[in-house]
Amino acid sequence: MSKAIFVDTTTCTACRGCQIACKQWHGLPAEQTTNRGTFENPADLSFNTYKIVRMREEVIDGKLNWLFFPEQCRHCLEPPCRDIAQDESSIFRNEQTGAVIFTANSKNLDAQEITDACPYNIPRAGADGTLAKCDMCNDRVENGLLPACVQTCPTGAMSFGDLEEMRDKAKKRLEVVKQKYPKAMLLDPDDVSVIYLVAFEPKYYHEFAVASRSTGYDMTRKMALRKMFRPLANIMSSLT
């Protein structure tokens with residue numbers, strides 16, 4: 001049974017414990033950063049940062065709100081990155097855990113093409129072109145452990161379990177949250193293995209909080225189809 005993570009942003013306190021746990025488990029170095037006048041740090045995801053807690057101060061309906069969003073790969077059920085790569089040795093989805101895995105072979109791919117294919121702008125390339133992102137702690141999950149970020153979360157904002165179990169939990173929690181925040185919603189719950197619950201419109205949290213249908217999955221499918229038929233087109237061209 002494929003696994004999933006449910007992230008309830010209404011109970012996230014931006015402690016960044018998940019961010020640090022991710023670094024520790026994967027043995028990733030710290031980023032060299034500068035003071036940007038925000039508690040959010042570093043400024044973005046990178047080859048060495050798979051998770052970052054986005055922080056926003058937004059005035060909504062006349063009230064100031066602190067919005068926190070633990071950003072990471074969504075582990076799509078039908079990953080556009082995998083489809084555009086068309087190389088299972090570089091990018092594949094582990095059907096048992098639900099994790100979308102990038103391997104060292106990803107350095108042979110067009111890094112920009114893969115990043116452009118992601119509706120959430122997640123993958124990042126290293127100096128040699130190798131791509132990296134959250135792997136859902138696939139090694140921990142395969143050994144019966146929780147992902148490091150979920151294990152560390154002190155408020156229970158992150159939950160982990162079977163996909164259908166997490167979907168059910170997310171829907172039930174949404175009904176509770178809607179009593180206080182009528183515009184609360186789940187982000188792309190039918191398409192991803194990392195389901196977010198937000199109290200307000202996604203635009204307040206992050207530019208890529210929700211997938212854009214016009215530039216995300218639909219466009220990537222078209223890109224993948226063009227790439228798939230490119231060799232045939234080249235052969236036909238050589239015959240004319």
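Only the coordinates and a few stated rules stand behind these numbers; no lab work does. All of these numbers come straight from a predicted model, not from anything done at the bench. Backbone-built Cβ (ideal geometry, glycine too); neighbour counts: all protein chains shown.
Compute the long axis of helix 217-239 from its Cα atoms, compare it with the longest principal axis of the Cα atoms of the chain, and write down the angle in degrees, 0 to 90, nearest 10. It is inclined by approximately 10 degrees. Under a Gaussian network description of the chain, with springs only between Cα atoms under 10 Å, the residue in Leu145, Leu197, Leu186 that fluctuates furthest is Leu145. Among the cysteines of the chain, those with no neighbouring cysteine Cβ under 4.7 Å are Cys12, Cys15, Cys22, Cys76, Cys81, Cys118, Cys137, Cys153. In the chain, helical runs assigned H by DSSP with n ≥ 4 each contribute -39500 (n - 2.57); averaged across all residues and rounded to the nearest 500, the mean residue ellipticity at 222 nm is -9000 deg cm²/dmol. A Förster distance of 30 Å, applied to the separation of the beta-carbon atoms of Ser46 and Asp110, puts the FRET efficiency at 0.95.
First check a/c for the chain, with a ≥ b ≥ c the square roots of the eigenvalues of its C-alpha gyration tensor; if it is under 1.5, answer rounded, and if not, answer prolate when a/b is larger than b/c or oblate otherwise. Prolate shape, in that a/c is at least 1.5 and a/b is the bigger ratio. Taking Gln96, Gln32, Gln72 in turn, the Gaussian network model of the chain (Cα-Cα springs below 10 Å) assigns the largest fluctuation to Gln32. Of the GluC sites (Glu not before Pro) found in the range 1-85, those that fall in a DSSP loop while having at most 16 other beta-carbon atoms within 10 Å are Glu31.
Helix 17-26 axis versus longest C-alpha principal axis of the chain: approximately 40°, rounded to the nearest ten.
Which of Cys149, Cys118, Cys137 ends up with the largest GNM mean-square fluctuation for the chain, with Cα atoms connected below 10 Å? Of Cys149, Cys118, Cys137, the Gaussian network model singles out Cys137 as fluctuating most. For the chain, find the longest principal axis of its Cα atoms and tell me its angle to the long axis of helix 163-178, 0 to 90°, nearest 10. The two axes meet at around 40 degrees.
I want to make sure I understand the PRE zone here: with the label point 7 angstrom from the Cα of Asn121 toward its beta carbon, which residues in the range 38-59 have backbone N atoms less than 11 Å away? So the set is 44-45. I need the shape label for the range 23-140. Rule: rounded when a/c is under 1.5, else prolate if a/b > b/c, else oblate, with a, b, c from the alpha carbon gyration tensor. Prolate, since a/c reaches 1.5 and a/b exceeds b/c.
Mind running the shape call on the range 71-211? Use the C-alpha gyration tensor, a ≥ b ≥ c as the square roots of the eigenvalues: rounded below 1.5 for a/c, prolate if a/b tops b/c, oblate otherwise. It comes out prolate by the Cα gyration axes. The trypsin sites (Lys or Arg not before Pro) of the range 1-69 meeting both criteria, a DSSP state outside H, G, I, E and B (loop) and at most 15 other C-beta atoms within 10 angstrom of the site's C-beta, are Arg36. Applying the criteria of a DSSP loop state and at most 16 other Cβ atoms within 10 Å to the GluC sites (Glu not before Pro) of the range 103-210 yields Glu207.
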